[in-house]
Every structure is written in structure tokens, then in C-alpha cells.
């Protein structure tokens with residue numbers, strides 16, 4: 001992912017951020033539509049042909065190639081290991097049942113399996129709508145204005161020399177903040193910043209125009225940064 | 001003014017380019033204009049800062065650890081077949097011990113249970129004891145027959161020697177008895193004499209002096225008791241006959 005300098009947003013000049021981005025300190029997501037993506041596509045197509053022909057080893061290889069990515073998407077979206085396992089399993093069950101109906105002309109296998117994953121995540125989110133936490137981070141639990149808000153009660157993690165525990169805390173905090181985003185913004189930033197899919201592919205998966213994809217990514221990043229900045233400032 | 005006209009950017013355009021700018025994917029010219037607008041517009045500058053911070057935090061997330069059982073569960077859920085272990089693992093050469101263990105395990109399964117451990121331990125110790133008593137050396141299996149034979153004959157010889165020794169002892173005892181029988185037997189019948197004497201005295205002398213006769217009888221009885229006790233106390237297997245021989249001898253004499 002590259003090495004990022006510890007930037008204290010709000011203290012460093014904005015131009016410094018732009019210069020750092022130009023110097024390449026901010027990692028550029030790799031485009032999956034390059035040569036590497038084409039090779040992966042060819043490999044997946046060959047494996048799929050063998051799967052349809054009844055080759056069990058080819059199916060196991062497909063699982064091995066994609067299980068980590070699918071599980072990662074499910075985990076980052078749901079925030080739960082158990083839900084992520086169940087959903088990932090369900091994704092592959094659906095793929096296995098509809099292998100013969102897959103048409104390579106409509107898109108790559110990666111796009112297809114990610115679309116199935118995304119649809120399952122949306123269904124899962126809707127089915128658990130009532131259990132979802134809807135309180136914003138700025139709302140106090142008891143309604144008392146003087147009470148600590150949810151954002152204020154986040155774990156105290158201050159930037160500085162990171163020990164193992166602080167890194168783990170930071171990971172949990174970012175995951176928690178990601179879980180606070182709306183599903184539309186959450187899936188957009190996950191597919192772009194974590195899965196490194198290109199805008200065109202994300203647009204096909206989300207069934208929205210590329211402009212909408214970029215807008216959602218911007219809003220997702222902005223909201224996430226705002227929440228985490230507030231947390232650091234209060235620490 | 002001229003610079004703004006040349007490089008001017010509206011906030012809408014700034015927002016459209018924000019995604020690529022944060023990722024560092026803009027060209028040199030566009031970056032200049034982008035930078036210039038951020039320097040003049042505080043709202044856009046704040047958006048840029050927050051978007052960059054959020055992007056950095058997301059990129060700092062570590063790779064998710066895959067559960068160890070996920071692939072297995074997926075295979076079972078899709079194909080319904082338990083994934084077989086790698087053929088190479090099954091075909092690893094097994095030693096004769098491993099093959100024997102694999103063959104014996106199903107046979108001994110009913111026996112190899114915790115509740116059978118005590119019984120097996122007792123059986124083991126019993127067998128060990130028997131083997132030790134029989135003189136079998138399991139380190140040399142070919143000598144088991146000769147070992148058993150040797151043990152048999154050595155035990156037999158010991159028994160024979162024991163009984164031979166006993167025979168000699170009994171013969172000696174018999175000889176001693178004979179010698180004793182030839183000796184005068186003063187203390188052989190202490191009890192009948194005082195009684196016989198007393199009867200004679202009673203018959204001959206009707207004047208019974210109570211005091212001396214009972215005393216004499218008592219004294220004789222005491223002597224008899226003392227002699228009996230002395231006889232019993234001085235008895236040793238090597239010097240005199242055992243009590244059952246005395247009883248046998250008395251029985252013969254009385255008969």
C-alpha cells in the first residue's frame with residue numbers, strides 16, 4: 001500500500017498535501033484493466049471452462065483465487081467475521097449454481113463475482129435494517145447536551161510512535177468509522193480504495209454512472225476523514 | 001487576473017477532479033489549476049484535506065485475515081464433498097510399524113479405552129511376573145524353550161533336594177526316638193503314679209490323713225505338671241521328638 005507520512009490534517013498546509021500526492025507518496029490504485037488484469041481474465045476463463053466440464057480441481061482453484069477478496073469485501077462492509085464468512089460462502093454457492101449461465105462477453109469473471117457479492121451485501125443490509133445502528137457519531141445517547149457524544153467516546157488513539165496495540169486500535173477505529181458510512185458510500189470506497197477496481201468496473205457493479213461513482217467515493221472519503229479528524233482532535 | 005483566467009477552476013470542476021487529485025492521478029497542468037483553486041477557496045481546501053485524510057486511513061487498513069476453515073466450508077457447501085487431502089500426503093511411504101498400527105487400530109479399538117487401562121495393566125504385570133518366574137528372557141526369543149526347560153529342571157531339583165533333606169531329618173528324629181525309648185522313663189507317666197499311689201494308700205490305710213495325701217498328690221501333680229512343662233519347654237526338633245511323636249508313642253503304649 002505504500003508508505004504514508006503521518007499528516008496531521010488541519011495543521012499542515014493544504015498545498016503540502018497536493019505536493020505529496022504529486023510526488024507519489026500517496027499510493028495510486030493499480031488499474032485492473034492493464035496487462036495483469038487481462039492475464040487474470042484469461043486464467044479465470046480457462047478455469048471456468050474446466051469447471052463447466054466437471055473439473056473439481058478447477059473449482060477449488062477458483063475458490064482459492066477469489067475467496068480472500070470476496071471475504072475481505074464482506075468483512076469490510078459488515079464489520080463482522082461471522083457475517084462475512086456466511087456471506088462469502090453464499091456468494092460461492094450462487095456462483096457455483098450459475099456457472100453454466102455465465103457469459104464472458106458481458107464482463108470479466110471478477111466483475112461478475114463482485115456484483116454477486118455486492119447484491120448479497122445489499123440484501124443482507126436491508127434484512128438487518130432494524131438492527132443497524134442509526135445514531136450518528138454526534139448524537140448523545142441520553143439527549144443531554146452535556147453528555148459525551150458517540151464520537152467523543154471512541155477509543156483514544158493519538159498519532160505518534162505506534163505500538164502494536166495502537167495500530168490495532170487504529171485499525172478497529174477506522175473499521176468502525178467505515179461502518180458508520182451509508183451503504184452507498186461504504187461500498188464505493190471499499191471497491192475503489194480497498195479493492196482497487198477502476199471506475200468503469202465499479203460503475204458496472206453498482207449500476208450507476210461513473211460520475212456518480214466518483215461522487216460517492218469523494219463523499220465517502222470526506223465523511224470518513226471528517227469523523228476521524230474529529231476523533232484525533234478530541235484525543 | 002490573467003493567471004486566474006488561465007488557470008481558473010470552478011468548485012464544480014474542483015469537486016469532479018478531487019478523486020483523481022487525492023490519488024495523485026492528475027496531469028501536471030491540471031494539478032497546477034487544482035492547487036491554485038484550493039489555495040483560494042477554503043471550502044474546497046477543507047474538502048481536499050478531509051478527503052485525503054479519509055483516503056489515507058482507508059489505505060492504511062491491513063489485509064483481512066482469511067479464516068482457516070472458509071475454503072473447506074465453501075467446498076463442502078458447493079460440491080457437497082469433503083475435500084480430500086493431497087494425494088502426495090496419502091502416498092507417503094509408511095514404515096512397517098505404521099502399517100501394523102493402522103492394521104491393529106480397528107482391531108484393538110474396543111480394548112483401547114480408558115476403562116480397560118486398569119485391566120490391561122494388571123494383565124501386563126501378571127504376564128511379566130509369569131515370564132520372570134519361568135525364567136524366559138524376551139530379549140532372546142529363540143531361547144524360550146531352553147529357558148523353560150532349565151527352569152523346570154532346576155525347580156524340580158530344588159524340590160527333590162528339599163524332600164531328601166526332610167527325609168534325613170525324619171530318619172534322624174526316628175533314631176533319636178528309639179534311643180529315648182530305651183532310656184528309663186521316669187517322667188513319662190507322672191500323672192498315673194500319683195493316682196495309683198493314692199489309690200493304694202487309700203486301700204491300705206483307711207486312716208486318711210487329708211493333709212499329707214492331698215499335698216503329696218498336689219506335689220506329684222505339680223511335679224507332673226512341672227515335668228510336663230519342662231518337657232515341653234526343653235523340646236527342640238533336633239534334640240527330642242516333637243509333641244505329636246510323644247502322643248503317638250503314648251497311644252501305642254496304651255494300646
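Would you call residue B:81 away from chain A (no Cβ under 11 Å) and modelled with pLDDT under 85?
On the way: away from chain A (no Cβ under 11 Å): no; modelled with pLDDT under 85: yes.
The answer is no for residue B:81.
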Could you grab the pairs with beta carbons closer than 7 Å, sequence gap of 6+ or different chains, first residue in the stretch A:82-103 and at the interface with chain B (Cβ under 9 Å from one of its Cβ atoms) and on the phi < 0 side of the Ramachandran plot, second one surrounded by 13 or more Cβ atoms within 10 Å (Cβ to Cβ) and part of a loop (DSSP other than H, G, I, E, B)? A:85/B:67
Condition test on residue A:8, is it on the phi < 0 side of the Ramachandran plot, at pLDDT 50 or above and more than 9 Å from chain B (Cβ to nearest Cβ)? no
Please enumerate the residues belonging to the stretch A:64-75 that are crowded, with 23+ Cβ neighbours inside 10 Å and touching a residue at least 24 places away in the same chain (Cβ under 8 Å). A:70, A:73, A:74
Please indicate, with yes or no, whether at least one residue in the stretch A:140-163 is within 12 Å of chain B (Cβ to nearest Cβ), surrounded by 17 or more Cβ atoms within 10 Å (Cβ to Cβ) and modelled with pLDDT under 90. yes
Can you tell me which of (1) at pLDDT 65 or above; (2) more than 14 Å from every other protein chain (Cβ to nearest Cβ); (3) surrounded by 15 or more Cβ atoms within 10 Å (Cβ to Cβ) is the one residue A:128 doesn't meet? (3)
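The values are calculated or read from the model by the stated rules, or taken from the named source; none is laboratory data. As the structure is a prediction and not an experimental result, all values here were calculated from the model. Ideal geometry is used to build each Cβ from the backbone, glycine not excepted, and the neighbour counts take in all protein chains shown.
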